Amino acid sequence: MTTRRPRLDVATARIRTAVRNSLEAHVMLSPMDVPRRAIGLPRVSGGAVGPGVGPGVAVAISGGPDSLALAAAAAFVAPKLGIRLSGIVIDHGLQTDSASVASAAASAAKDLGVDTVVVRRIEVSHDSSGPESAARDARYDGIARVAAELGVQYILLGHTRDDQAESVLLGLVRGSGSKSLSGMRELSTRGALTLLRPLLEVPRVDTLASCAALGVTPWMDPHNTDRRFLRSTIRNVVLPRLDADLGPGVPEALARTARLLADDADYLDSEAATTFARMRRYGNQPAAVSIHDPSALSQAPSHEPVHFDRAELAALAPAIRRRVYRLAAATASGASLASTHVDQIDRMVLISNAPTHLDLPGTTVERVRATVSFTATH
């Protein structure tokens, strides 16, 4: 008697497709890029590598519906692409039952087919950045440490289209520019990690439906309904109200806006980096170097003073000029400028009777005659 396989539900199919597309686009090496023999990998049909010898990928697992649906899809797709898949569960210790939640998340991931799952307890510092930011930074630091132990570079994150819409609204509420309004990227880097978000075009209802179809009971983080957190208010009050008053499709429209703005922001960032390299002066001399990857300028500070000709700065388009300020501060001191700081620098550059000396966090900006200088604050 033939055993019939359970029918694949639509939500799970969509998530598997999204995960496969992301892994094929960003992780797998195309035969056109590097010959398999050149890197010591066996030839296999379809361009994939043998099980266990391909690139290493880990999925970040919280135990919530998004991460469990992602873990299930990755566990199905990864072996077919020859990808070594692991799971990482970070226990923030912020709730009394956090250890049991982390253990349950690890067990659920293993039941879904993720063979290796590492649970790591971390400490979240209470600094001036706020609880959400501190928890996020601590989580990524913990993931990075476990990834290094596992020999993994790629991390799958379960952010959905709804998360993207929330990020856009957060940026609007905070008065952010196009960089923040462009939301999260499917592919981004954080230190040595490459972060992949395959579900940015997948609605949250699909992750919930997939978990239900798979017979998985996800953990529901109480912080997601805690009105003390702005994102929670946007998720549970603002977006449902917009959906009710304006009709369905608001999250999709906001996510589409983020995607379009991301293209614009990337182009402007590239132009600003090229302009920075061309205009930066060393002492009283113009820069005599050229770069092949302008974006690399912002990745690590040189802690050397950065000088510009004031008239050249003033002549730039505002979108480029403001980005050049940020690059200058990041290069001179590693500091990240807030929008208010950028406004102060802009006044110094454009207005003759504006202050000529600014002590900003980590960076001092001075205007001396025709030169504007960025130096690290000591």
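Starting from segment 61-81, take each residue that is of a type in the set (Phe, Trp, Tyr) and list its partners that are modelled with pLDDT of 95 or more and assigned to a helix (DSSP H, G or I), counting only C-beta distances under 6 angstrom and pairs at least six apart or across chains.
Qualifying pairs under 6 Å: 76/16.
For every residue, the table says whether it meets (1) over 23 Å from the mean Cα position of the chain (by Cα); (2) outside any loop (DSSP other than H, G, I, E, B); (3) free of Cβ contacts under 8 Å to residues at least 24 places away in the same chain; (4) farther than 30 Å from residue 111 by Cβ.
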| site | (1), (2), (3), (4) |
| --- | --- |
| 210 | yes, yes, no, no |
| 216 | yes, no, no, no |
| 227 | yes, no, yes, yes |
| 239 | no, yes, no, yes |
| 245 | yes, yes, yes, yes |
| 255 | no, yes, no, yes |
| 258 | no, yes, no, yes |
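Taking helices (runs of 4 or more DSSP H) that do not extend beyond segment 303-378, which have at least 1 residues that are of a type in the set (Asp, Glu), within 29 Å of residue 267 (Cβ to Cβ) and out of contact with any strand residue (DSSP E or B) (no Cβ under 6 Å at 6 or more places or on another chain)?
Details: elements: 310-314, 318-333, 339-350.
In segment 303-378, 310-314, 339-350 are the helices (runs of 4 or more DSSP H) which contain 1 or more residues that are of a type in the set (Asp, Glu), within 29 Å of residue 267 (Cβ to Cβ) and out of contact with any strand residue (DSSP E or B) (no Cβ under 6 Å at 6 or more places or on another chain).
State which residue is surrounded by the fewest Cβ atoms within 10 Å (Cβ to Cβ) when the search covers only segment 1-23 and only residues that are hydroxyl-bearing (Ser, Thr, Tyr) and at pLDDT 95 or above. Quick ask: steps written out before the conclusion?
Of segment 1-23, the ones hydroxyl-bearing (Ser, Thr, Tyr) are 2-3, 12, 17, 22.
Going one step further and asking which of them are at pLDDT 95 or above, we end up with 12, 17, 22.
On the way: 12: 21, 17: 14, 22: 21.
The extreme case among them is 17.
Here is a list of conditions, (1) more than 19 Å from residue 15 (Cβ to Cβ); (2) free of Cβ contacts under 8 Å to residues at least 60 places away in the same chain, and residue 152 meets all of them except one; can you say which number that is?
(2)
Quick one: which strands (runs of 3 or more DSSP E) lie wholly within segment 69-178 and hold at least 1 residues that are farther than 23 Å from residue 20 by Cβ and modelled with pLDDT of 90 or more?
Details: elements: 84-91, 116-121, 154-156.
Here the list reads 84-91, 116-121.
Taking segment 343-355, which residues are modelled with pLDDT of 95 or more and either under 17 Å from residue 373 (Cβ atoms) or touching an Asp or Glu at 6+ places or on another chain (Cβ under 6 Å) (or both)?
Scanning segment 343-355 gives 344, 345, 346, 347, 348, 349, 350.
A quick yes/no check of all residues on (1) under 18 Å from residue 191 (Cα atoms); (2) small (Gly, Ala, Ser); (3) surrounded by fewer than 19 Cβ atoms within 10 Å (Cβ to Cβ):
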position: 66; (1), (2), (3): no, no, no
position: 109; (1), (2), (3): no, yes, no
position: 113; (1), (2), (3): no, yes, yes
position: 138; (1), (2), (3): yes, yes, yes
position: 163; (1), (2), (3): no, no, no
position: 169; (1), (2), (3): no, no, no
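The values are calculated or read from the model by the stated rules, or taken from the named source; none is laboratory data. Since we're looking at a predicted model, the values are computed, not measured. Glycine gets a Cβ as well: all are built from the backbone with ideal geometry, and neighbour counts include every protein chain shown.
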